[in-house]
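Undergrad: My structure is below; once you've seen it, I'll send some questions.
Bear in mind that the values in this text are calculations on the coordinates, not laboratory data. Quick caveat, the model's predicted, so the values are computed rather than measured. Note that we place each Cβ from the backbone using ideal geometry, even for glycine, and neighbour counts take in every protein chain shown.
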Amino acid sequence: MSVDIDEVIALIHERIAEIHYATDVARLANVNYHTLRSVFRRHVDASLGEYLSDVRIHKAKVLLCDSELRCFEIAYAVGFRREDSAAHIFKKHTGLTMEEYRQNFASGGVPDP
């Protein structure tokens, strides 16, 4: 089974709100999960789960800077299933709460990931 990683990455970026688990990516891409996981790591140099988390955090940063959505709305818009999980992971990645991030960067745009 051939896996087009560029297509998988595009799918992740387009449909991140629907993706809660790495297995959801395999289902949406119609590929075997174990094959996808293996091929993804070789081509992207990150696990599928790490990549999903990075995409969620980046999209949350963009929404915090460019929208008036409330933090819990952003959490769900980027595919987190629970607001508290989003808050924990966001702070772990950025060192800031979502609201602190918005206050610090909303006027200046999103810094590079």
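Undergrad: Would you mind counting up the charge near ILE12? Only other residues with Cβ under 14 Å from its Cβ, with Lys and Arg at +1 and Asp and Glu at -1. Intermediate values should be presented prior to the final figure.
TA: Values: positive: ARG15, ARG27, ARG37, ARG56, LYS59; negative: ASP4, ASP6, GLU7, GLU14, GLU18, ASP24, GLU50, ASP54.
Local net charge: -3.
Undergrad: Taking the Cα of LEU69, stepping 7 Å toward and past its beta carbon, and measuring to each backbone N in the stretch 8-29: which are under 17 Å?
TA: 12-21
Undergrad: Work through the residues other than ASP24 whose Cβ is under 15 Å from its Cβ and net out their charges, Lys, Arg +1 and Asp, Glu -1. Could the numbers behind the result be given before it?
TA: Values: positive: ARG15, ARG27, ARG37, ARG56, ARG81; negative: GLU14, GLU18.
Computed value for this residue: +3.
Undergrad: Let me check I've understood the local charge: for HIS88, count other residues with C-beta under 13 angstrom from its C-beta, Lys and Arg +1, Asp and Glu -1. What total comes out? Walk me through the numbers before you get to the answer.
TA: Details: positive: ARG56, ARG81, ARG82, LYS91, LYS92; negative: GLU83, ASP84.
Combined, the nearby Lys, Arg, Asp and Glu give +3.
Undergrad: Counting only C-alpha contacts under 8 Å and six or more residues apart, can you give the relative contact order of the chain as a whole percent?
TA: Values: 99 pairs, mean separation 27.4, N = 113.
It rounds to 24 percent for the chain.
Undergrad: Let me ask something additional. Could you list the GluC sites (Glu not before Pro) in the stretch 27-83 that lie in coil according to DSSP, counting only those with at most 10 other Cβ atoms within 10 Å of their Cβ? Present the calculation step by step, with values, prior to reporting the outcome.
TA: On the way: sites: GLU50, GLU68, GLU73, GLU83; in loops: GLU68.
In loop regions of the stretch 27-83 (DSSP not H, G, I, E or B), the sparsely surrounded GluC sites (Glu not before Pro) are GLU68.
Undergrad: Check each of the trypsin sites (Lys or Arg not before Pro) in the stretch 1-108 and keep only those in coil by DSSP with at most 14 other C-beta atoms within 10 angstrom; list them in order.
TA: On the way: sites: ARG15, ARG27, ARG37, ARG41, ARG42, ARG56, LYS59, LYS61, ARG70, ARG81, ARG82, LYS91, LYS92, ARG102; in loops: ARG70, ARG81, ARG82.
Those that pass, being in a loop and sparsely packed, are ARG70, ARG81, ARG82.
Undergrad: Two decimals is fine: what is log10 I(q)/I(0) at q = 0.16, 0.17, 0.25 Å⁻¹ for the stretch 5-105, from a Debye sum with one equal scatterer on every Cα and no solvent?
TA: The computed values of log10 I(q)/I(0) come out as -0.67, -0.74, -1.28.
Undergrad: Treating the beta-carbon of each Lys and Arg as +1 and of each Asp and Glu as -1, no other charges, what is the dipole magnitude of the chain about its Cα centre, to the nearest 20 debye?
TA: Numbers: 14 positive and 17 negative charges, 69 e Å.
My answer is approximately 340 debye.
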